[in-house]
Amino acid sequence: MFHLSSFGLVLPFKFGSQSISFSSGSRSALSYLFRFVFFSFFLLQFHCISFGENLISTKRNPELPPEIRQGKVFLAGHIGDHTKDTEEILKILKRLIDGTVAKDLNFLPDLVSKKEGIYLDLKGNWTKEQLISELSSTENYFRTYFFDRELLAKQKGSNEVRTVRDLFLSSGGVEADFYYESKIACELKLRFRENPKLEKELINPYFIKQDGKWYLFRLF
């Protein structure tokens, strides 16, 4: 007999003319050993498959919203603590940029004052009702200039165009500087971590405060 002393096993092999067999106790130990090896191999395979799927998922979703960071804060003609104001405006800005990347700005009227409305480049001042009406149309202002490059190219008569969405996806991250003109008015300067020349194609967003709440007045 040929024994594995560490497991108390007798292996069922033949060396020359000698037959090698298992005892009943050694069969049980070897069975547990085989189960352990099989289970470990299964876990390794599952981990590799899951890791591979995560990599594929990341590659399939390259158009993620850029990271938004607070930059410098400037006060003009007044003093005060704008910490809470800055936090509130930054949340609105993130929502706007995330919505632009997701091609969904249907929530925009919720951020606009009924009294002041909103200012849009090429359109001028719109009331909140006009904004709601525009969002309900198929090929609206936002789809053309913010989301759909083909529509914008058709509108401009050139393929050398970039939507607002394209600009944010090329930014590598956005840092916002805050310029408080007063306690109830703030303009933002958006800075790109990558491709800084592209940031000039955006308009500085502008926010106003009414009844203790900040609203978007001018969109980028």
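The values are calculated or read from the model by the stated rules, or taken from the named source; none is laboratory data. If you're wondering where the values come from, they're calculated on a predicted model, not measured in any experiment. Quick reminder, even Gly has a Cβ in these numbers, built from the backbone with ideal geometry, and neighbours come from all protein chains shown. With ligands, DNA and RNA removed, areas are computed over all heavy atoms of the protein, side chains included. Shrake-Rupley method; radii C 1.70, N 1.55, O 1.52, S 1.80 Å.
Is there any pair with a first residue in segment 174-189 that is farther than 17 Å from Thr83 by Cβ and of a type outside the set (S, T, N, Q) and a second that is open to solvent by 70 Å² or more (accessible area, probe 1.4 Å) and part of a strand (DSSP E or B) whose Cβ atoms are under 8 Å apart and which are 6 or more apart or on different chains, and what are they?
Listed by first residue and then by second, the contacts come to Val174/Arg69; Val174/Arg191; Glu175/Arg69; Glu175/Gln70; Glu175/Arg191; Glu187/Tyr179; Glu187/Glu181; Lys189/Tyr179.
Which of the helices (runs of 4 or more DSSP H) contained wholly in segment 127-220 include at least 2 residues that are open to solvent by 50 Å² or more (accessible area, probe 1.4 Å) and among the polar types (S, T, N, Q)?
Here the list reads 128-136.
Mind checking whether some residue in segment 74-95 is in contact (Cβ under 8 Å) with a residue 60 or more places away in the chain and assigned to a strand (DSSP E or B)?
Yes, there is a match, as at least one residue in segment 74-95 is in contact (Cβ under 8 Å) with a residue 60 or more places away in the chain and assigned to a strand (DSSP E or B).
I'd like to verify a number: residues in segment 89-107 that are farther than 17 Å from Arg165 by Cα and in contact with a Lys or Arg (Cβ under 8 Å, 6 or more places away or on another chain), how many?
Pass one, segment 89-107, residues farther than 17 Å from Arg165 by Cα: 89-91.
When the remaining residues are screened for being in contact with a Lys or Arg (Cβ under 8 Å, 6 or more places away or on another chain), the result is none.
Residues flagged as farther than 17 Å from Arg165 by Cα and in contact with a Lys or Arg (Cβ under 8 Å, 6 or more places away or on another chain) within segment 89-107 amount to 0.
Applying the selection to segment 95-118, what residues are under 18 Å from Asn204 (Cβ atoms) and surrounded by fewer than 17 Cβ atoms within 10 Å (Cβ to Cβ)?
Result: Glu116, single match.
For segment 200-220, which positions are within 14 Å of Leu190 (Cα to Cα) and without any contact (Cβ under 8 Å) to a residue 40 or more places away in the chain?
Hits for segment 200-220 are Lys200, Glu201, Leu202, Asn204.
For segment 121-133, give me each residue that is at pLDDT 95 or above, in contact with a helix residue (DSSP H, G or I) (Cβ under 8 Å, 6 or more places away or on another chain) and within 21 Å of Leu202 (Cα to Cα).
Passing the criteria: Trp126, Leu131.
What are the pairs, 6+ residues apart or on separate chains, where a residue within segment 138-162 that is at pLDDT below 95 has its Cβ under 9 Å from a residue that is open to solvent by 30 Å² or more (accessible area, probe 1.4 Å) and aromatic (Phe, Trp, Tyr)?
So the pair list comes out as Gln155/Tyr145.
Looking only at residues in segment 96-126 that are assigned to a helix (DSSP H, G or I) and touching a residue at least 60 places away in the same chain (Cβ under 8 Å), which one is nearest to Glu63 (Cα to Cα)? I'd like the intermediate steps shown before the answer.
In the first step, residues of segment 96-126 are kept if they are assigned to a helix (DSSP H, G or I); the result is 96-101, 108-111.
Remaining after also requiring touching a residue at least 60 places away in the same chain (Cβ under 8 Å): 96-97, 100-101, 108, 111.
Numbers: Leu96: 16, Ile97: 12, Thr100: 11, Val101: 8, Leu108: 21, Leu111: 25 Å.
Looking at the filtered set, the residue picked out is Val101.
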